[in-house]
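The block underneath contains the structure these notes are about, expressed in structure tokens.
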Amino acid sequence: MLPRLTILFDNVPGLPGLESLWGFAALVEIGEQRILFDTGSNGRVLLRNMAALGLDPAAVDLLFLSHPHWDHIGGLDSVLERNQDLTLVLHEGFSKHLIADLRGQCRDLLIVSTEPQQLAPGLFSTGMLSARPTQQGPPEQGLVLDAALADGAAVSAVISGCAHPGMERVVERGTAMLMRPVDWAIGGFHLMYAGASEIAHCVGVLEELDVAYVLPTHCTGDAARAAFRQAYGERYAEGGAGREIPLRPRLG
């Protein structure tokens, strides 16, 4: 069975009946392992969307937070109220007071440094990456997946919350860690305020890095999503709350 990513929270409208607010969260399922990536901006909406999709927060094994902006950690308390038997992954750029408060509220608390770190078999953090000077954002970590498939093949993905370090840099880090091109680039690419030349540069770099499929959403912006849609064609996946995407390997 292919790994599956379900968008739980997105400001990009998705399936009918699901609520859209500013922010991002996704559930990644790899075999029996369930990883919640970020929690959106509102815990009540996150839980309602999960319920509408038949997903139980108590079944989450690992909660990965990309960076401390409100629209990515707003649902943290709601998730922990439903499930304290999970591993919570933050990086050193989160508030030391928040880190201290979270100790004892989950099964395990992992704090990632600037170095890549394995979290579980086939699951890694890029390590904390500083934001680009033009972004004026916080440091961020990306989630890297490397899942073995039943036929002996593998599929890989890099998931970003907002890509404050630049999506190119996040994917470059994932590529270096895996020592091969990344199959999927997913999440917020933070190009909503970018001009045409910056958008074209990001598209070009991801193509040069041989990213096979893209799913840009959240803070990517309409113009950048249109540029990626044009460049990638059938290898472009739409975002939006409720979208379920099988993470298929690259052809060939």
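How do the pairs read when you match residues in region 1-15 that are free of Cβ contacts under 8 Å to residues at least 24 places away in the same chain with residues anywhere that are β-branched (Val, Ile, Thr), using Cβ under 6 Å and keeping only pairs 6 or more apart or on different chains?
Short answer, once both residue conditions are applied: none.
Pick from region 187-200 the residues that are in contact with a Ser or Thr (Cβ under 7 Å, 6 or more places away or on another chain) and of a type in the set (A, V, I, L, M): which of them is surrounded by the most Cβ atoms within 10 Å (Cβ to Cβ)?
191
Name the strands (runs of 3 or more DSSP E) wholly inside region 96-165 in which the number of residues that are free of Cβ contacts under 8 Å to residues at least 60 places away in the same chain is 3 or more.
Strands (runs of 3 or more DSSP E) meeting the threshold: 108-112, 117-120, 143-148.
Please go through (1) buried (at least 21 other Cβ atoms within 10 Å of the Cβ); (2) free of Cβ contacts under 8 Å to residues at least 60 places away in the same chain; (3) within 18 Å of residue 7 (Cα to Cα) for residue 88 and return the number of the only condition it doesn't satisfy.
Checking residue 88 against (1) buried (at least 21 other Cβ atoms within 10 Å of the Cβ); (2) free of Cβ contacts under 8 Å to residues at least 60 places away in the same chain; (3) within 18 Å of residue 7 (Cα to Cα), the one that fails is (3).
Values quoted throughout were computed directly from the atomic coordinates according to the rules given, and no laboratory measurement underlies them. Keep in mind that this is a model prediction, so the values were computed, not measured. As a convention, Cβ positions derive from the backbone with ideal geometry for all residues, glycine included, and neighbour counts pool all protein chains shown.
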